[in-house]
């Protein structure tokens with residue numbers, strides 16, 4: 001059973017649109033949610049992260065919206081650029097008890113020029 | 001600061017061979033992780049070290065996969081014997097402290113087992 005689920009394997013948007021990537025989780029103990037971005041031939045790199053005490057985290061064109069009650073979150077990429085084409089992984093961990101970061105299966109985003 | 005380095009970047013092995021992958025974490029980081037990445041299974045944790053102590057030895061991967069951390073700046077992952085199903089990208093990551101801190105990933109080693 002997947003603890004962190006990303007509903008879309010792939011997503012295509014046009015340049016300038018807002019891309020929305022969705023993620024849900026099972027474990028109520030999860031309180032830290034990073035998103036990692038991975039380009040072909042490279043390892044994942046942290047893009048933006050949110051803790052469960054917040055419902056929104058913004059960093060430039062990237063925003064995480066977090067809904068603790070529904071156990072889901074989304075990554076919004078505003079004004080998408082072709083250079084944003086990559087695979088995005090949602091991940092989760094709990095501050096107590098577990099040391100492990102659980103990754104979702106990833107969403108491959110393609111931004112068409 | 002140098003990032004995580006992994007060698008080799010590519011490896012081709014015959015079934016039954018022993019291969020050793022290498023990783024140098026970011027200087028000063030206490031935690032080191034080995035992951036396997038495939039399209040079907042995604043990112044799977046193989047091993048986790050905290051301050052050179054093995055905290056997680058990979059569960060289902062235990063029998064043929066062995067990770068070691070010889071010192072705070074060098075780790076190896078040995079696969080013995082290799083099987084075609086081991087073909088994947090092997091990623092090493094390090095962090096200062098734990099799963100609630102940023103994990104810095106290396107570029108990975110792409111392994112093909114024939």
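Miscellaneous remarks
- The per residue volume of the convex hull around the alpha-carbon atoms of chain B is 93 Å³.
- Candidates A:70, A:17, A:26, ranked by Gaussian network fluctuation over chain A, Cα under 10 Å, top entry: A:70
- Both numbers refer to the Cα atoms of the protein assembly as shown; Rg and Dmax are 17.7, 50 Å.
- Among A:96, B:72, the ranking by other beta carbons within 10 Å of each residue's beta carbon, starting with the fewest, stands as A:96, B:72.
- In percent, rounded to a whole number, the relative contact order of chain B is 37, using alpha-carbon pairs under 8 Å and six or more apart.
- The value of relative contact order for segment A:1-97, using C-alpha pairs under 8 Å at least six residues apart, is 36 percent.
- Taking A:35, A:99, A:14 in turn, the Gaussian network model of chain A (Cα-Cα springs below 10 Å) assigns the largest fluctuation to A:99.
- Across segment A:4-112, the volume of the C-alpha convex hull divided among the residues equals 91 Å³ per residue.
- Residues B:29, B:10, A:76, ranked from the fewest to the most other C-beta atoms within 10 Å, line up as B:10, A:76, B:29.
Every read-out reported here was derived from the displayed coordinates using simple, explicitly stated rules and does not represent laboratory data. On a predicted model such as this, the values are computed, not experimentally measured, just so you know. Positions of Cβ are generated from backbone atoms using ideal geometry, with glycine treated the same way; all protein chains shown enter the neighbour counts.
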